[in-house]
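Q: So that we are looking at the same thing, I have put the structure below in structure tokens.
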Amino acid sequence: MPLYEYVCRKCEHQFEALVSGDRAAACPKCESTKLEQMFSSFAVGVTKGRGRFNKSSASDGCGSCGDPRGPGSCSSH
């Protein structure tokens, strides 16, 4: 199930909601369904070695070398 970030247009409450199938998300504070979906970055799970899970986000820098300026910033690729 995808996890989305929303802001309620009625009470301006920001929240995350798991959305499945045809179900529409609703604000947990005022129960309004007048929501604006926010842009959110995603997390990528990387396993290293014997199944250890390291969580990294899209803003952690280059995935190949770790350059903090991000993908394509370094000369290694």
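The values are calculated or read from the model by the stated rules, or taken from the named source; none is laboratory data. Because the structure is predicted, anything quoted here is derived from the model rather than measured. So basically every Cβ, Gly included, is an ideal-geometry build from the backbone, and we count neighbours across all protein chains shown.
Q: Cβ-Cβ below 7 Å, separation at least six or inter-chain, first residue in the range 1-19 and farther than 12 Å from M38 by Cβ and in contact (Cβ under 8 Å) with a residue 24 or more places away in the chain, second in a loop (DSSP other than H, G, I, E, B) and of a type in the set (G, A, S): which pairs?
A: Correct list of pairs: K10/S32.
Q: Filter the range 1-44 for residues that are polar (S, T, N, Q), at pLDDT 85 or above and in a loop (DSSP other than H, G, I, E, B) and give the result.
A: Kept after step one, since they are polar (S, T, N, Q), are these residues of the range 1-44: 14, 20, 32-33, 37, 40-41.
Adding the requirement that they be at pLDDT 85 or above leaves 14, 32-33, 37.
Listed by number, the residues that qualify are S32, T33.
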